[in-house]
Every structure is written in structure tokens, then in C-alpha cells.
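Peer 1: Would you mind keeping the following structure in view while I ask a few things?
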Amino acid sequence: MIEARDLRKEYGGFPAVEGSTFSVGSGEVFGIIGPNGAGKTTTLKMLAGLIEPTSGSVSVAGYEAGESEMRHQLGFLPEESPLYEEMTPRTYLHFFADLYDVPDDVAERRIHETLDELDLQHRDRQIGDMSKGMKRKVAIARSLINDPDVLIYDEPASGLDPLTTNYIIEFTSQLAAEGKTIVFSAHNLFHVESICDRVAIMNDGEIVARGGLDELQAEYGETVYHVHTTVEVPDSVAKNGRYVRTVETMSEVETTREAAQEAGGSVIDIRTEESSLEEVFLNVADGRDSRAQSGKSADGSSSEV
Amino acid sequence: MRPRKILRIARWEVTKNAGGIDRKTAAVVAVTLLVLGGAAPLVVAQGGVTLDEGFYRVGVDEESPLYPVVESDSTFAAQDPDEELGSEIDLRIRATQVVASDSQKGQAALAELRSSVDSYNDRVMSAESNQSAAFPVTVTLEYAERNLTTTGGTDTLDGGTVNDGTPSDSGTPDDGGNDSDPADGDGSDGTIGDGSNGTTGDGPTGEESTGDGSAGGIGGIARSLTGSDATTGTPSDISPPFPFQSLILAFLFVIPLNFVIQAYGSTMLSERLNRRGELMLVAPVSRGDIIAGKTLPYFLGALFFEGLIAGGILYLQPDSGSGLYALAAVVPLILLFLSATFLGAMFARSFKELTFVTVSITVGLTTYAFVPAIFTDVTPIALISPLTIVVRDIQGVAIEPLSVLLSTLPPLFTAGLFFVLGAGLYREEDMFTQRPIPLKVLDSLAGRIHRRRSVALVVILLMPLVILAELVAVAAVYPISMGLPQPIWLGLILFSIVVIEELAKSLPIYAGFVHNRYDRSIRSALAVGALAGLGFFLAEKGLLLAQLLGGLPEVQQAAVVSAGPTAGIGPAVGLLLLLAPLALHVVTAATSAVGMRSGRQGYAIGLTAAIAIHFLYNFSVVMLVV
Amino acid sequence: MFDDVRIAIARRDIASLSREKTIVLALVIQIFIAAFSSFLVVGLTSLYDPGSVESGELTFGVSGDTRNELNEAAREAGVEIEQYPTRTAAMDAFQRGEVIGVLHADASSEQIEVTATVPDGSIQSTLAVVKARDVLEALERNERTNRAAHLETNPVPLPPEADASSYFGFTYTVLVPLLLFLPPFISGSITVDVLTEEIERGTLELLRVAPVSLTDIFDGKALGMAILAPIQALLWIALLSVNGITIDNVLLLVVLVAAVALLVVVLGAVLGLTLGQRRQAQLLYSIIALGLFGAAALLPEHPATVAAKLAVGSQTTVTTATVFGLSALAVGLYATTRRYVGTIDPERY
């Protein structure tokens, strides 16, 4: 559905995005994560046809980014979500419906339904008088007004209270379930974890890792095993009447079992703890993992540097 | 599809803003307009606004026959003749003897008195019973073509690119009629060549325009008589007095535009704040749609106001024209104001900046609009400003369609240029960030450049700015030229013109390079340079051609004059002289282009070289001819 | 301590203005007008100045049976003529460029009928028409004198010729007021901006958290903007003088500009504070400021006329009184507004 090849964006000689290549399949949810200034927003804007790449190409739904037909297939939600404060949600959404060539009756129905789904009250109040969460919902409704196949969301839940945040994440996964292709960026890795199929990790303008969550964890994550024993073994801590030793490899689990048996006890439990995406991300960002530095990703494709 | 989008956006613009003005503001606006509207008749009732009331102080006895003259002219303030001449009064009148104070003011007062006496006498005479004794002379004024065949000692003016017949050229002190008038950017490299391709002195098909106001706006006779084409009158019907009236009329048309561009600039800038306009950039609407849609309501609004004003004036003024010409002439002016504001709003970085920009635009364009219009009655120079057409239409003078074209095409063209430049900035990278202005300039130029050929087009489009800049340069050097020896101020003017022209040719090329529209090989640079030079040459000559065809007299005379000495030159040499400027422009542009491949410093070097070449060329041509 | 606060505010606003590069643009435009003024005056005068044209050009061809009268009239008008036996001869000379125009005069039963021919559509046409008019008006005067017996009243005798620039009046009645009153207008506009910007951005709150009252803010901003205008006026006056346009009564002019500046700044401040939104406030400011300028015609002397008369040295007591009257009005309005500002509840923002 989305193909990005060698995307590069320079601002006055300074590369904000370098040589990004990735693809997103139809119906996939693709997340882009990274610290501030990594180039996430710039990448998303290039996908949306808002910014022209310095070099490279990107196509959405078969069209070059920026072409008129492509814009009809796309729904964009920028990070700040600025709106026209003097309008009401209804007039605002009707305006954009017109811009996207949505027939009036269809637009009316869609607006009604979407605002219902988003649970937006006070539809005839001026946008300027609304809370941040409500404004974001209006913006989301706008991104759906043309019933696009592709959604590009830049930090959709940033700056919102936990309740609204949850709502929006839920909503997004619902959209995914309906078959829409979604690319979104986030800070909060928990959101990404819950709904993304695949993820790209960006740092300093480059994609340093990409792949499905499992693959990334296997590649960059640290799985640790907590071995619960009845007796104390070297490097274990007492906890709730038992002793826990944290080890990183299966062979160490074996040695722990042996040590416990030697001490006259046994292993009660072995708990596997996989790194969260947060930790994966930190590992990657810190370049702790040598493979991250060579630029290879879990699924084997490489990001061109 | 596009017109629909434009209209939709226009509708949104109107409703959005209407919603933005709350009841309180609307009430205040309404009250204000009412109060001011109520004051207007009062002002008119007390005789309107006479700016020069009591300007000159005249000491005069009540018994003097000149007393009624002084009393009837509001410019004079009558005082005691025994007061001190110079400090307390400017003229002293005892009986029929008039003494003026020894100053510019005194002389001006004397001149005013003289013309007052004349008009007073005419008024008195028109009450006489014996009219043939009162007006013993009747005059029929005729205009006749004449073919000048000599170059001898005429102070004809060079009609190159810069000279639209502006006073800047007539004022240049080195008279004595040479083609090398340095005020003209084209003069030194093209005049001689122009002579060979210009007409040999035949003006537009010798019609004898009797009393046709447009020929030189001098048909005062036609004007003061009631709209008919009669050309006979008394001597004082010739050449009306200094046209304050034109000034005020012109001013009336410009005032509403000031308000319109305030609101327009605001709304354009507000699209840039907080990234509000970002969503529209993503939507399937083109930049042109958005800009046209947002501009349309303001254009129509301004047109409506101007129409009202024109209608009002035409209604109140008897024997005026149809008003259609007036409206036709106002359109380019409105577009010029709007486009300049749009460009300003795209460059401004805050509302404070926008205020300055708006005021500057108002002042600048108002000056452009009505300073030439002041001379409506006096010289064809006035045609630079579309307001001249408006004023003439109101005064009921016959208007040649050609003069309408002449007045309206340049501002239309310039407005188009501004819109194009502004549109180049209507994109995400320029709208929402505080990008430094030089970069923005490059962006706006590059907006239109898609491949090498476009560079020529952009250079051509830039001509109005080139002309304007050259005019400003000449106007700036002129006042100080008095105190300097000729080679120095001549060199100064030449130098500034050369710099302006080289910048105009090289900046678009550089913009294209920076935006990677074409590659940086030498071949590519040469090609682009050649195209830019060609574009400039075409624009320059095209302008000259337009002036010739448009029949601006100075240009024709200059062409004739320069045709004189070259009349004996064969066609081959003539062609060579014609092509010399082309070669010059191509070479200089290519030099800059080759230099700028390696970035900013290379650009500076290449540009300096180009300037040097061009300057040498101009200077040597000037020296040859002078 | 309060004085410091207000001065600090004023200083900050002025400093931020100077950092704005576009102020340079506005100043450049005004400099251009001031500099252009002399060019305008001098350059255009030369259009009418016969001295700049070679004398051969000023000769008129004269023919017809009343040639002698024309001769006489031309001598009075200071125009050279060349007599020709027939009109055709004169027209030939005209076509050859030997004369700038042709005056052919025949006496009819009661009047002298003149046909004047001038070149078509060029700057020379202007000159020719002007000179022809001079000759013919002299002729008319002479003829009236000759026919005095038939007239009931005598025409008033003409004063001597003057060596004057045609644009003297224009310079003082239009150019000078324009240059003097533009800075106050801009100052008022900026005042609106400066206040609404603080309000819309919410930084007004920050200012107020410091021990600064709304009145202090008003004082600081208003005074800051109002000071700028007279300073600019002084600059333009200096520039004009350098260009040979002498300006009298500089002190009174500066007072006038300061008074007008204070008035419009107060207007701008009131609009900014009561409306709180830039767009509405600017719109109203423009309308009201321009409207007031027009309505000032109801005053005994319009401020523009006041400026013109002061500059040219023709001031009367009414003129000077108007200046002081405006100053008093400005100060009075400022004080009243200040008290009003004190009653505004800053929470409303």
C-alpha cells in the first residue's frame, strides 16, 4: 500500500531524514517511534504529500505522494491538530468534506456517525471553546471524512488525559480492524505495543531498526528469566519466602537449577520476562546492540544509509 | 472541478470571517460608520476640504482693484498692507502695484495672484453684455503630427526599458539630446540597435486628434466644454490649472483599498499561524485554488466599493463618461494591492511585521497610483497609473482604448508576478516556520522553475521589478547628481542599473540550483545562463516594442533620433547591433551561472564578473556615443 | 519604582520593534518619499522651464492678417515668433521642426479667430500649449483694453510675472502633511498590535503577575509608541531641508505631530484593550483614524492645513491655537483613558 524508497529530506544541508526505505502492506498498522527530532514527523509529512523529499520517492495506494488522487485516499492527522477556531465541528467537517469531494448527503451521514463513535458532545459549539481532547476528536473525524484507505497519524494521543488517550488508541485499533492501513508515530511505546503490527525505530533521521514486534524483541530485546528457588543460590535475592535469581540465558537457568539441587532445594518457577518495546527502543537508541549499528533489521532488509 | 473548489473556499472565507466578527464589533463598526457618514455632508456643506486655505498672506487695501481677486481666492489671506513684507505678508498690494517678498514663497504667491486675476477677469467678463468685446479672441486648438528627421539639438529622451516616459528621464541634467541617457537601462546597450529596428519616425497612422484628451491629455479645451468634441474656446480654456481635483478624486479611490488589504493580509497571515493552513495543504486542492478562493471575496468586495464610489462620483458630476473605463482601470489596481499584500503576508513573520508591510504597501502603491494621476491633465506620463483613466473617465474626456491597455497591462502583469512569487511560498516549509528571508526569496523564485526553460520565463516575469528598481535607483541618484561631476554620477547610475539587471538574471538560476531543478554540470550552467540571458533580452526588447507600438511619443522620437545617424548602415551591421545586447546578456548570465555551481561564494564571484563585464560594455558604449 | 516599570515596558517594545527587520522597510519607504520629493519638484518643474530647452524650440510661426497684434502679444508673453506670409508656409516650417507651433489669426467681424497648431502627443506639446496660451491670453488682454469702451467694467490689471515653481503649493500642502502624519498613523497601528498580541498570546498574564498594573502597561506602551512619531517627523523635516525645501516653525510642527500621535495611540490602545482581538481592533482603528482625519475638516483649520501653513510660515493665531488645542485634547484624552483603563478588570482576558 505504501512504498517509501530512499527518502531523504535536507533542510539547508542538514539531513532531517536520511535514506529511509520501508513499505507498509494493506491493512497493516505501522508504527514509527523515536526520540524528539528523530525525523518521524518529517517522514510522515512526506508520506502525506505535504513536504517534497529532497530525493527518493514515496507512493501511496499506487499513486505518487502529492498527486490529487492520492490525497483522496489519505487521511492525515498532524501532531498539533490546529483547527479553525471560529467554526463549529459540523461546519468544519462539512467544509473539508467539500474539499474532498464527498457528496453532501454522504458527508452528513458520515459526520453524524463518526462523531457518535468518537462520543463527541456539543457539536454546535465553536471549536475555540472546546477542550484539547474534544478538538483532537474533531480532527480525527476530519481525517476520516473522505473514508480513506490510508491513515497517517502523527502522535494522535499526545498531550491528552489518560482516558481520552485510551479512547483514541481503541478507536485506532478499531479502524485497523476495519481494514484501513495506518501509519502512526508515537512517543508512548505502550500505545505502539498494543496496536502495531510492525514498527520502525528512528533516530537522528535514520531508521535504525524495523520489523514486527516479536522480531525486534528477539533481535534487540533482552529476555531475562527469573528463576525461583527454594534455597539460596549465588546471586539471588530473598523474596516472599523464596529466592529469585535473574539470569539472561537458558544455560544460566540450567546452572541455577543445578546449584539449587546441590543446595538441597529445587526450582519452583521460571518466569520469562521479555523486554518491553521501551527497552528495545532504548537498546537500539543507545546502540548497545552491535547489530543495530550495522544497520540490519530483524526482518533482514537493511536501511540504506 | 477547480472553479468549484475556488468558490467553496471563497464561501468559507466569507462565512468564517463573518462568524469571527462578534456582535459587539459589528455594532461599533456600524455606529462609527454612521457617525462619520453623518459628518461627511457637514464637511461638504462648509465647502469641502481646501488644503491650501490661507496659504499666502497678502497685504491689500480694500480700495485696491485687486482686492476682490484676493478675497475670492481662498488661497490668500487678506491682511493689512502696512505689515512687514517677508515676515508677515508675502505680497503687498497698493492700488495696482504688487510687490512680492524676495523668496520662493513670494514668487509662488505672485504666480498664484496672476492666475487668480486671470480667472477673476474671466468671471467678470462673462457677465458682460457685449460678449465679443469681453472675449475678443477665440481659439481653435489642433494637434498635428510632425516627422522629425534631424537629431539636431533636440532634448529628446531615450526610450529604452526604463523610460516609460517618466519624468526621471526628462529631468536628467545632461540634456542636449543624446541617446546615451544613462537613466535608461537599455540605452547604452541597445539604443543604436533599436534605431535600426525602430520605426523611422512615422507615428501611429497620422490621425489628427483634435481635442482628443488622450493624446497628451492636453485637450483642456475639450475638457472644460460640455463633453462635446468642440475645440473652440477662449484662451483661458487652454490648459487647466494645477489639478488638485484629480488628486482628491484619485485619493478617494485608494482609501477603501487600504482597509481591504488590512483584512486580507490578516487572513492570509492567520493561515500561517499555529500551522492552521496545514490541513488544506494536504487536501486535494491546489495552491492556486486556495489562494484564488481566499482572495476572491476581497477582490469582489473591493470592486464593489470602488464601483460605489465611481457611481457616486459619476452621478454627482455632470457630463462624465460612462464609468466603464473607470471600473476597467480600477481592476488592475485592486489586484496590485491584493497581490502585494499577499506576497507581504507570505514573507511577514508576525502581525507587527505585517502591519509595517501593509502600511508600506499602502504608501508605496498609493504614490504609484496617484502621483502620475496628478498629471492627468498635463502629460502622457500620467498613463503609467490606471487612476489616470479613472479620472479622465470621470471628467468626461474621450479615452483611447490603447491608453487603457497602456495603463492597465503593467499593473496587471506586476500583480500576476506577485501572486506567482507568493504562491511559490505557499507550502509547508515556508509557511509555518521562521525561515530566513533570503531563503524565502529563493523559494518563491523556484516555485515556478520546473526545468531549465522555466528560468527564462521567470526572468521575463521579473521585468516589472527590474524597471521599478531601476527607476528607484535613478530617482535616488538624481538629487545628488547636481553636485557631482558627470562621469561619477553617470557611473553611479550605470552601476546600479547593471547590478539590478544582473541580479534579476542570476537569482532565478541560483534558486533553481539550490532546489536541484537541474544538475550542476558546466554544460547545464551554460545552458541555463543562456536561457536566462535570452529571456531578459526578449523582455527588454518586447517592452521597447510595446512602447513603440503604444505610441508613446518620447520613445518614438528617441527611436527616430537614433535612427538618424544609423540610417545609412546596412542591414547586416544593423542586425549585429541588434544582437549585441543579446550576446551581452547571455554571456553575463552564463558567467554568473557557471560561478554559482559551487555554491554561494562561487555565485558571488560569478556575479561580480558578470557585473564587471556588463558595466564595461555599458560604459564603453556610453562613452562612444557621448 | 513604578516609573521604572513603565519605562521598562516602553523600552522593551521599542527594542523589539527595532529588531523587526520590516521596520526598515517602512522607514525606507518614508525616506524614499522624502528624498523623492525634491526630485519630484525639481524634475517636473523642468518640464515647464523653458530654460532647459534650446531657444530654437520656442519659436512660434505666426500668420494671418492680425499678425501684428499677435506679434505684440508674443513680445509681452516673452515668446519668440517668426512671421510667415501664409499659413501653409508656417505649417511647412512647423513640419520641418523650425517652429514649435503655428498661430494663425484672422479678424472676423467682431473677434479675432486664432487657429493654434501644436505637436501631437509629446512633452513638447505641453510646452507648446502653455506658450500658446500665454501669447493668446496676452492678446486677449490687449484686445480687451482696445475695446474698453464697449465694456462695463474694466478688467483688473495683471501683476508682473513671477519666477515660481509650479509645485510650490503641492510640496507644502500635500507632501509635508503626508510625511508628518504618516508616522502617527503607523504608531497607532502598532499600538493596537502590541496590545492585542500580548492579550492573544496570553503573555499579558505574565506581565501582570509581576507587580505591574494594567495602567502601567497602558502607560508604557502608549508613551513608547507616541514618542516614535515626533522623532520620525524631525528626521523627515531634516531630510526635506537638505533637499532644499525649507520648513518653518519646526518646534510647533513637532508639537503638532506629538499631539496627533498621542491621540491616535490612545485610540489604538483603547481599541486594543476593549476588543482584545487584533483583526477587529485594526479594522476599527483604520476606519476611525481615517474618519477622524476627514472629520477634522470641521475644525476651524484642518490639521493638514495647519501643518502646511506652519511649514511655509503662513500661520495665523487660529493655526497656533489649533496646535495647542489639539495638544490639550490629546493630554486630556490620555488622562481620561488612563483612568478608564484602571477600571478594566484584567481577568476578562
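Peer 1: Suppose we keep only residues that are aliphatic (A, V, I, L, M) and surrounded by fewer than 24 Cβ atoms within 10 Å (Cβ to Cβ) within the stretch C:278-291. Which one would you say is farthest from the other protein chains (Cβ to nearest Cβ)? Give the derivation first.
Peer 2: Narrowing the stretch C:278-291 to residues aliphatic (A, V, I, L, M): C:281, C:283-284, C:287-290.
Then keep just the ones that are surrounded by fewer than 24 Cβ atoms within 10 Å (Cβ to Cβ); that gives C:283-284, C:287-290.
Details: C:Leu283: 6, C:Leu284: 6, C:Ile287: 6, C:Ile288: 6, C:Ala289: 10, C:Leu290: 7 Å.
My answer is C:Ala289.
Peer 1: Let me ask another. Conditions: (1) in contact with a Leu (Cβ under 7 Å, 6 or more places away or on another chain); (2) crowded, with 18+ Cβ neighbours inside 10 Å. A:Lys132 meets all but one. Number of the miss?
Peer 2: Going through (1) in contact with a Leu (Cβ under 7 Å, 6 or more places away or on another chain); (2) crowded, with 18+ Cβ neighbours inside 10 Å one by one, A:Lys132 breaks only (2).
Peer 1: On to the next question. Identify, please: which residue in the stretch A:118-174 is within 14 Å of chain B (Cβ to nearest Cβ) and of a type in the set (Ser, Thr, Tyr) and is, among those, farthest from A:Pro89 (Cα to Cα)?
Peer 2: Here the answer is A:Tyr153.
Peer 1: Does the stretch C:233-242 contain at least one residue that is without any contact (Cβ under 8 Å) to a residue 40 or more places away in the chain, in the same structural domain as C:Glu200 (by TED's automatic domain parsing) and among the polar types (S, T, N, Q)?
Peer 2: yes
Peer 1: Within the set of pairs 6+ apart or on separate chains, which have a first residue in the stretch B:348-361 that is facing chain C (nearest Cβ under 7 Å) and within 12 Å of B:Ser266 (Cα to Cα), a second that is assigned to a loop (DSSP other than H, G, I, E, B) and not polar (S, T, N, Q), and C-beta atoms under 7 Å apart?
Peer 2: Listed pairs, sorted by first residue: B:Lys352/C:Glu20; B:Glu353/C:Glu20; B:Val357/B:Ala348.
Peer 1: Going by what's in this entry, would C:Leu240 be described as at pLDDT 75 or above and not polar (S, T, N, Q)?
Peer 2: Values: at pLDDT 75 or above: yes; not polar (S, T, N, Q): yes.
Spelling it out, C:Leu240 is indeed at pLDDT 75 or above and not polar (S, T, N, Q).
Peer 1: Moving on. Filter the stretch B:410-442 down to residues that are among the hydrophobic types (A, V, I, L, M, F, W, C) and either under 20 Å from B:Thr367 (Cβ atoms) or without any contact (Cβ under 8 Å) to a residue 40 or more places away in the chain (or both) and give me whichever is nearest to the other protein chains (Cβ to nearest Cβ).
Peer 2: Of everything passing the filter in the stretch B:410-442, B:Leu439 is nearest to the other protein chains (Cβ to nearest Cβ).
Peer 1: Hey, can you tell me all the residues within the stretch B:278-294 that are assigned to a loop (DSSP other than H, G, I, E, B), buried (at least 21 other Cβ atoms within 10 Å of the Cβ) and touching a residue at least 60 places away in the same chain (Cβ under 8 Å)?
Peer 2: Hit for the stretch B:278-294 is B:Val285, nothing else.
Peer 1: Taking the conditions exactly as written (modelled with pLDDT under 85, under 27 Å from B:Thr267 (Cα atoms) and surrounded by 20 or more Cβ atoms within 10 Å (Cβ to Cβ)), does C:Leu275 satisfy them or not?
Peer 2: Yes.
Peer 1: Still on this model: Six or more apart or on different chains, Cβ atoms under 8 Å: show the pairs whose first residue is in the stretch C:175-200 and under 21 Å from B:Ala263 (Cβ atoms) and within 8 Å of another protein chain (Cβ to nearest Cβ) and whose second is part of a helix (DSSP H, G or I) and acidic (Asp, Glu).
Peer 2: Listed by first residue and then by second, the contacts come to C:Val194/C:Asp13.
Peer 1: Tell me, which residue of the stretch C:293-309 that is more than 13 Å from the chain's Cα centre (by Cα) and more than 8 Å from chain B (Cβ to nearest Cβ) is surrounded by the most Cβ atoms within 10 Å (Cβ to Cβ)?
Peer 2: Here the answer is C:Ala296.
Peer 1: Considering the stretch A:23-45 alone, what residues qualify as being closer than 17 Å to A:Gly62 by Cβ and in contact (Cβ under 8 Å) with a residue 24 or more places away in the chain?
Peer 2: Narrowing the stretch A:23-45 to residues closer than 17 Å to A:Gly62 by Cβ: A:23-28.
Across the stretch A:23-45, the qualifying residues are A:Val24, A:Gly25, A:Ser26, A:Gly27, A:Glu28.
Peer 1: Within the stretch C:134-159, restricting attention to residues that are more than 7 Å from every other protein chain (Cβ to nearest Cβ) and crowded, with 19+ Cβ neighbours inside 10 Å, which residue is modelled with the lowest pLDDT?
Peer 2: If we take residues in the stretch C:134-159 being more than 7 Å from every other protein chain (Cβ to nearest Cβ) and crowded, with 19+ Cβ neighbours inside 10 Å, then C:Asp134 is modelled with the lowest pLDDT.
Peer 1: Further, regarding this structure: Suppose we filter the stretch C:80-106 for residues that are within 13 Å of another protein chain (Cβ to nearest Cβ) and either in contact with an Asp or Glu (Cβ under 6 Å, 6 or more places away or on another chain) or surrounded by 21 or more Cβ atoms within 10 Å (Cβ to Cβ) (or both); how many remain?
Peer 2: 10
Peer 1: Scan the stretch A:225-237 and give yes if some residue there is surrounded by 22 or more Cβ atoms within 10 Å (Cβ to Cβ) and modelled with pLDDT of 85 or more, otherwise no.
Peer 2: So far as the stretch A:225-237 goes, yes, one or more of its residues are surrounded by 22 or more Cβ atoms within 10 Å (Cβ to Cβ) and modelled with pLDDT of 85 or more.
Peer 1: Please go through the stretch C:302-344 and pick out each residue that is closer than 30 Å to C:Asp216 by Cβ and either hydrophobic (A, V, I, L, M, F, W, C) or not assigned by TED's automatic domain parsing to the domain that holds C:Gly291 (or both).
Peer 2: The answer is C:Val323, C:Phe324, C:Leu326, C:Ala328, C:Leu329, C:Ala330, C:Val331, C:Leu333, C:Ala335, C:Val341, C:Ile344.
Peer 1: Still on this structure, I have one more. Kindly indicate which of B:Phe351, B:Phe432, B:Phe418 is buried (at least 21 other Cβ atoms within 10 Å of the Cβ) and either over 23 Å from the mean Cα position of the chain (by Cα) or modelled with pLDDT under 80 (or both).
Peer 2: Going through B:Phe351, B:Phe432, B:Phe418 in turn, just one is buried (at least 21 other Cβ atoms within 10 Å of the Cβ) and either over 23 Å from the mean Cα position of the chain (by Cα) or modelled with pLDDT under 80 (or both): B:Phe351.
Peer 1: When you scan the stretch B:388-395, do you find a residue that is within 14 Å of another protein chain (Cβ to nearest Cβ), modelled with pLDDT of 75 or more and buried (at least 22 other Cβ atoms within 10 Å of the Cβ), even just one?
Peer 2: No, that holds for no residue.
Peer 1: Now for a separate question. Kindly list, by first and then second residue, each pair from a residue in the stretch A:249-265 that is surrounded by 15 or more Cβ atoms within 10 Å (Cβ to Cβ) to a residue that is in a loop (DSSP other than H, G, I, E, B) and among the polar types (S, T, N, Q), limited to pairs with Cβ atoms under 9 Å and residues at least 6 apart or on different chains.
Peer 2: A:Arg257/A:Ser266; A:Ala260/A:Thr230; A:Ala260/A:Ser266; A:Ala263/A:Thr230; A:Gly265/A:Thr230
Peer 1: Taking the condition of being in contact (Cβ under 8 Å) with a residue 40 or more places away in the chain, among the hydroxyl-bearing types (Ser, Thr, Tyr) and part of a helix (DSSP H, G or I), how many residues in the stretch C:291-349 meet it?
Peer 2: Residues meeting the conditions: 6.
Peer 1: Out of the residues in the stretch B:27-61 that are within 19 Å of C:Phe168 (Cβ to Cβ) and more than 7 Å from chain C (Cβ to nearest Cβ), which is modelled with the highest pLDDT? Break it down stepwise before answering.
Peer 2: Taking the stretch B:27-61 and keeping what is within 19 Å of C:Phe168 (Cβ to Cβ), we get B:50-58.
The next check asks that each one be more than 7 Å from chain C (Cβ to nearest Cβ); those that pass are B:50, B:58.
Details: B:Thr50: 68, B:Val58: 90.
Among them, the one singled out is B:Val58.
Peer 1: Let me ask something else. What is the number of the single condition among (1) over 21 Å from C:Gln232 (Cβ atoms); (2) buried (at least 19 other Cβ atoms within 10 Å of the Cβ); (3) within 14 Å of chain B (Cβ to nearest Cβ) that C:Val341 does not meet?
Peer 2: Result: C:Val341 fails condition (3) only.
Peer 1: Can you pull out every residue in the stretch A:86-136 that is within 14 Å of B:Ala283 (Cβ to Cβ), touching a Pro at 6+ places or on another chain (Cβ under 8 Å) and in a loop (DSSP other than H, G, I, E, B)?
Peer 2: A:Tyr100, A:Asp101
Peer 1: Among (1) under 26 Å from the mean Cα position of the chain (by Cα); (2) at pLDDT below 90, which single condition is B:Tyr264 missing?
Peer 2: For B:Tyr264, the failing item is (2).
Peer 1: A further question on this structure: Got a number for residues in the stretch B:575-626 being of a type outside the set (Gly, Ala, Ser) and not in a helix (DSSP H, G or I)?
Peer 2: Here the count works out to 2.
Peer 1: If you scan the stretch B:234-261, which residues turn out to be among the aromatic types (Phe, Trp, Tyr) and modelled with pLDDT under 75? Let's see the steps before the verdict.
Peer 2: From the stretch B:234-261, those among the aromatic types (Phe, Trp, Tyr) are B:242, B:244, B:251, B:253, B:259; that's our starting set.
Passing the criteria: B:Phe242, B:Phe244, B:Phe251.
The values are calculated or read from the model by the stated rules, or taken from the named source; none is laboratory data. No experiment lies behind these values; they were computed from the predicted model shown. Reconstructed Cβ throughout: ideal geometry from the backbone, glycine too, with neighbour counts over all protein chains shown.
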